[in-house]
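The values are calculated or read from the model by the stated rules, or taken from the named source; none is laboratory data. All values derive from a computational prediction rather than experimental measurement. Note: ideal-geometry Cβ built from the backbone for every residue, glycine included; neighbour counts use all protein chains shown.
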Amino acid sequence: MLSAIAGRPTGRMPWAPRLDLWYKANRLAGTLPGKYRQASLTDIVDGLGAGMHAVVPDFKGFRDPNEEFDRALGIYNLWCMPCRTVIENVGRTVRTEGDRTFVQYDTPAGPINTVTLYDENMRKAGITITHVEKHAFSGTDDYKALGFIFENARVEPNYDGYGEYAEQVGDRGLAAAFVSLAASPMHLIQRELMPLDVFFFEMYDHGDELRELAGKIGAYWNRLLETVADCPAELVFLGANYDASVTYPPFFHEHIEPWLKGFSEVLHARGKYLLTHTDGENTGLLEYYVASKIDVADSICPAPMTKLSFKEVRDFFDSKITIMGGIPSVSLLPSSMSDKEFDAFLDGFFEDIGGGDHLILGISDTTPPAADFERLEKIGRRVEEFGPVAPANPA
């Protein structure tokens, strides 16, 4: 995988399908494939002759349950992360009612209340990230309180936790150091702190207050990125779930690109790579990914799930960005593609791969619970048939 990112020759094309949600859902339902009925996820990865997809973390991966309570602030303190955020000088009251968790933060500027949900349907689907049912921002009175919380957010290293995670992955895959699903302070506000419609109203109605909050989060963000930059990881994961209608090109250019670019330059100076999770509708965004100097576009999801074909994305990135993913998840579903249609899809897809360089093949965004396992095996055989990868201009 590192050689693919660097543009060096490889003995075979890296093939690392994301299987975590598929595995959790089918294990819970008792529907794992017959020969894998009692298998671990690692056993299945090895059985497929694939690499371990170690990018998106288990969002229930906490050593202490108390560390999950700040999720509605966009703060994740997973055991495998290279950093940990501690909120100081703020009172916090937590109560749980069934599948819901209620959190109140008490600040000198007033309280902030959040509600998250994790129900049986989510567990059955293999989902580990909780749903924010009540966002931290309820109205303009919350700007100062939220600013206070992030001004008092201390960041400390968790390099040992990441090291333990990387050791578990071993040489089966490339263990990405997860930082945040947001790529920048403004992106954090948009995707975590406010409902989407409220965010766009606030941009128009209270733009000054919104920018002030982003500035206060920005000071925390710098502390976060400085800590992560010195971690032992070779690949760092920052930002996810862009979409042309939400993180539309001018928004991405102004509020996300500078942060990704700045962080990528810091990482490159340390010999590290930056990955960002690009699984939405990418029409109009490709040029900004390139300008951001990211190294890996994880979970590129092409047509028929989005407007752009795999070849269009591949041709645009050329050798500047490595694609991770590429095979749309619906192609694994017999309800979406017949066997004949799937075979024809694979033929066309492998033609579009070209020389195979700067590609870590996988399923975008993830292997769905109802996937036909034999199709995963068939993709693996095609990878073997493809043979070694020799870039035209190896690094």
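Could you pull out the residue among Glu209, Glu226 that is part of a helix (DSSP H, G or I), among the acidic types (Asp, Glu) and surrounded by 14 or more Cβ atoms within 10 Å (Cβ to Cβ)? Reasoning before the result, please.
Details: Glu226 fails: surrounded by 14 or more Cβ atoms within 10 Å (Cβ to Cβ).
Residue meeting the stated conditions: Glu209.
Between residues in segment 130-156 that are within 27 Å of Gly61 (Cα to Cα) and residues that are among the aromatic types (Phe, Trp, Tyr) and part of a helix (DSSP H, G or I), which pairs lie under 7 Å by C-beta distance while being six or more apart or on different chains?
Phe150/Tyr220; Ala153/Tyr220
Would you mind stating whether Ala219 is over 27 Å from Asn77 (Cα atoms), out of contact with any Phe, Trp or Tyr (no Cβ under 7 Å at 6 or more places or on another chain) and of a type in the set (A, V, I, L, M, F, W, C)? So that I can check it myself, show each step before the final result.
Numbers: over 27 Å from Asn77 (Cα atoms): no; out of contact with any Phe, Trp or Tyr (no Cβ under 7 Å at 6 or more places or on another chain): yes; of a type in the set (A, V, I, L, M, F, W, C): yes.
Here the answer is no, as Ala219 does not meet what is asked.
Which residue pairs have Cβ atoms under 7 Å apart, sit 6 or more places apart or on different chains, and have a first residue in segment 222-239 that is farther than 14 Å from Ala182 by Cβ and a second that is outside any strand (DSSP E or B) and hydroxyl-bearing (Ser, Thr, Tyr)?
Cβ pairs passing all conditions: Cys231/Tyr159; Cys231/Tyr162; Pro232/Tyr159; Pro232/Tyr162; Ala233/Tyr162.
Which strands (runs of 3 or more DSSP E) sit wholly inside segment 86-200 and have at least 1 residues that are over 30 Å from Leu267 (Cβ atoms), in contact with a helix residue (DSSP H, G or I) (Cβ under 8 Å, 6 or more places away or on another chain) and not hydrophobic (A, V, I, L, M, F, W, C)?
Hits in segment 86-200: 100-107, 110-117, 131-134.
Could you please give the count of residues in segment 1-38 that are more than 20 Å from Glu377 (Cβ to Cβ) and hydroxyl-bearing (Ser, Thr, Tyr)?
2
Mind checking which residues of segment 1-25 are closer than 13 Å to Gly51 by Cα and part of a strand (DSSP E or B)?
Trp15
Could you please give the count of residues in segment 229-245 that are surrounded by fewer than 17 Cβ atoms within 10 Å (Cβ to Cβ) and under 22 Å from Gly284 (Cα atoms)?
The total comes to 2.
Output the residues belonging to segment 171-192 that are more than 18 Å from the chain's Cα centre (by Cα) and in contact (Cβ under 8 Å) with a residue 60 or more places away in the chain. Lay out the reasoning, then the answer.
At the first step, the residues of segment 171-192 found to be more than 18 Å from the chain's Cα centre (by Cα) are 171-172.
Once the filter is applied, which keeps residues that are more than 18 Å from the chain's Cα centre (by Cα) and in contact (Cβ under 8 Å) with a residue 60 or more places away in the chain, segment 171-192 yields only Arg172.
Given the condition crowded, with 20+ Cβ neighbours inside 10 Å and more than 24 Å from Tyr159 (Cα to Cα), answer yes or no: does some residue in segment 49-58 qualify?
Yes, that holds for at least one residue.
Out of the residues in segment 116-143 that are touching a Ser or Thr at 6+ places or on another chain (Cβ under 9 Å) and surrounded by fewer than 17 Cβ atoms within 10 Å (Cβ to Cβ), which is farthest from Phe199 (Cα to Cα)? It would help to see each step written out before you state the result.
Filtering segment 116-143 for residues touching a Ser or Thr at 6+ places or on another chain (Cβ under 9 Å) gives 116-118, 122, 126, 130-136.
Then keep just the ones that are surrounded by fewer than 17 Cβ atoms within 10 Å (Cβ to Cβ); that gives 117, 122, 131, 133-134.
Details: Leu117: 21, Met122: 26, His131: 18, Glu133: 16, Lys134: 14 Å.
Of everything passing the filter in segment 116-143, Met122 is farthest from Phe199 (Cα to Cα).
Quick check on my filter: what residues within segment 26-78 are β-branched (Val, Ile, Thr) and either on the phi > 0 side of the Ramachandran plot or outside any loop (DSSP other than H, G, I, E, B) (or both)?
The initial filter retains those residues of segment 26-78 that are β-branched (Val, Ile, Thr), namely 31, 42, 44-45, 55-56, 75.
Passing the criteria: Thr42, Ile44, Val45.
Out of the residues in segment 234-284 meeting the condition of being part of a loop (DSSP other than H, G, I, E, B), among the charged types (D, E, K, R) and within 25 Å of Cys80 (Cα to Cα), tell me which one is modelled with the lowest pLDDT. Working first, answer last.
To start, the set of residues in segment 234-284 that are part of a loop (DSSP other than H, G, I, E, B) comprises 234, 241-248, 270-272, 278-284.
Narrowing further to those that are among the charged types (D, E, K, R): 234, 243, 270, 272, 279, 281.
From what's left, within 25 Å of Cys80 (Cα to Cα): 234, 270, 272, 279.
On the way: Glu234: 98, Arg270: 97, Lys272: 98, Asp279: 91.
Looking at residues that are part of a loop (DSSP other than H, G, I, E, B), among the charged types (D, E, K, R) and within 25 Å of Cys80 (Cα to Cα), I get Asp279.
Matching residues to (1) more than 30 Å from Glu254 (Cα to Cα); (2) touching a Phe, Trp or Tyr at 6+ places or on another chain (Cβ under 8 Å); (3) not small (Gly, Ala, Ser):
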{"site": "Thr96", "(1), (2), (3)": "yes, yes, yes"}
{"site": "Thr107", "(1), (2), (3)": "yes, yes, yes"}
{"site": "Lys124", "(1), (2), (3)": "yes, no, yes"}
{"site": "Ile129", "(1), (2), (3)": "no, yes, yes"}
{"site": "Gly139", "(1), (2), (3)": "no, no, no"}
{"site": "Gly147", "(1), (2), (3)": "no, no, no"}
{"site": "Gly161", "(1), (2), (3)": "yes, yes, no"}
{"site": "Gln168", "(1), (2), (3)": "yes, no, yes"}
{"site": "Ala177", "(1), (2), (3)": "no, yes, no"}
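In this structure, does Ser329 turn out to be touching a His at 6+ places or on another chain (Cβ under 8 Å), under 21 Å from Ala176 (Cβ atoms) and not β-branched (Val, Ile, Thr)?
Values: touching a His at 6+ places or on another chain (Cβ under 8 Å): no; under 21 Å from Ala176 (Cβ atoms): yes; not β-branched (Val, Ile, Thr): yes.
Against the criterion (touching a His at 6+ places or on another chain (Cβ under 8 Å), under 21 Å from Ala176 (Cβ atoms) and not β-branched (Val, Ile, Thr)), Ser329 does not qualify.
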